[in-house]
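K.L.:
Here it is, the structure, as structure tokens.
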Amino acid sequence: MRKFKLTDIGIGLLFALFFISAGVILAVNFRPLYYFDIKHLDIEKTSGIEASVIKENYDVLIDYNSPFYKGELKFPTLPSSAPALEHFREVKNIFIAFYYILAVTALLLLVTILYKRKVRDYRYLLPSSVTVVVLPLLVALACAINFDKLFVVLHKIFFRNNYWLFDPATDPIINLLPDTFFMHCLFLILGIILLGSLGLFLFSRVVRKGNDKFRSLS
């Protein structure tokens, strides 16, 4: 049985970063998930705001988080405090960082895959698949134990202030963003990562069977 090489684990980490960033970007921009949650989580009732108005404000927030959006965030019908706007600026910077991570890892993986194909070395696929799947399994376990605690811990890791602690009286946008919606986003991200890991595993099986068949014919 072949042992994993450190370079294989390194390639696996590149794949992990690629799938994580792809999952985050997809989750942020996949508006149908939030539109579904408006009804599923009864956000109209809990916020006292009509669905059409909720969508309008949410769309502005998602547009703002695009790396191509220039300008300040201004909700069409909701007030916002200075700390809340600063928090959203910090969130946007994090999202933009994921776009850069996606681009860089995609380029590095392209070069790596082309080189490995040239030398006919596909042994990195299985360890990469295992490396990619480790993180979502750990996060899924943390979610199962206590998602609310995980949510707080992640905010303390990524932010060096308490601006994320919104007051609904001054920042009613928080009433439109229940924790359960973020949990659904996290599940979507984990799903993308798991699909990526599964794809690597299946491809490694196909390559292995092809190599075994080639050796049997030799």
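The values are calculated or read from the model by the stated rules, or taken from the named source; none is laboratory data. Quick caveat, the model's predicted, so the values are computed rather than measured. Every residue, glycine as well, gets a Cβ built from its backbone with ideal geometry; the counts of neighbours run over all protein chains shown. Heads up: the accessible areas ignore ligands, DNA and RNA and are worked out on the full protein's heavy atoms, side chains in. Shrake-Rupley method; radii C 1.70, N 1.55, O 1.52, S 1.80 Å.
K.L.:
Run residue 75 past the list (1) crowded, with 18+ Cβ neighbours inside 10 Å; (2) part of a helix (DSSP H, G or I) and report the number of the one that doesn't hold.
P.N.:
Result: residue 75 fails condition (2) only.
K.L.:
Same structure again: So which of 140, 106 ends up being over 16 Å from residue 182 (Cα atoms), small (Gly, Ala, Ser) and open to solvent by 30 Å² or more (accessible area, probe 1.4 Å)?
P.N.:
The unique qualifying residue is 106.
K.L.:
While we're looking at this one, here's another question. Of the residues 94, 101, 145, which is among the β-branched types (Val, Ile, Thr), closer than 17 Å to residue 186 by Cα and in contact with a helix residue (DSSP H, G or I) (Cβ under 9 Å, 6 or more places away or on another chain)?
P.N.:
The conditions single out 94.
K.L.:
Right, next: Give the stretch 40-70 a look and list any residue that's part of a loop (DSSP other than H, G, I, E, B), among the aliphatic types (A, V, I, L, M) and under 26 Å from residue 190 (Cα atoms), or say none.
P.N.:
41
K.L.:
Moving on to the next point. Inspect the stretch 31-39 for any residue being in a loop (DSSP other than H, G, I, E, B) and either farther than 20 Å from residue 92 by Cβ or open to solvent by 30 Å² or more (accessible area, probe 1.4 Å) (or both) and give the result as yes or no.
P.N.:
No - not one qualifying residue is present in the stretch 31-39.
K.L.:
Moving on to the next point. Can you name the number of the only condition in (1) open to solvent by 70 Å² or more (accessible area, probe 1.4 Å); (2) not in a helix (DSSP H, G or I) that residue 206 fails?
P.N.:
Unmet condition: (2).
K.L.:
In the stretch 31-84, which residues are more than 24 Å from the chain's Cα centre (by Cα) and of a type in the set (Gly, Ala, Ser)?
P.N.:
47, 48, 51, 52, 71, 80, 81, 82, listed by residue number.
K.L.:
Given the conditions (1) touching a residue at least 60 places away in the same chain (Cβ under 8 Å); (2) open to solvent by 60 Å² or more (accessible area, probe 1.4 Å); (3) among the aliphatic types (A, V, I, L, M), and given that residue 111 satisfies all but one, which numbered condition is not satisfied?
P.N.:
(1)
K.L.:
Hey, does the stretch 16-29 have a residue that's more than 18 Å from residue 164 (Cα to Cα), part of a helix (DSSP H, G or I) and in contact with a Pro (Cβ under 8 Å, 6 or more places away or on another chain)?
P.N.:
no
K.L.:
What is the number of the single condition among (1) outside any helix (DSSP H, G or I); (2) of a type in the set (D, E, K, R); (3) open to solvent by less than 80 Å² (accessible area, probe 1.4 Å) that residue 92 does not meet?
P.N.:
So residue 92 meets the others, but not (1).
K.L.:
In addition: Looking only at the stretch 157-190, count every residue that is of a type in the set (A, V, I, L, M), closer than 14 Å to residue 34 by Cβ and not in a loop (DSSP other than H, G, I, E, B) and tell me the total.
P.N.:
Adding up the residues that qualify gives 5.
K.L.:
Please go through the stretch 113-139 and give me each residue that is in a helix (DSSP H, G or I) and closer than 11 Å to residue 10 by Cα, ordered by number.
P.N.:
127, 128, 131, 132 - these are the residues of the stretch 113-139 that are in a helix (DSSP H, G or I) and closer than 11 Å to residue 10 by Cα.
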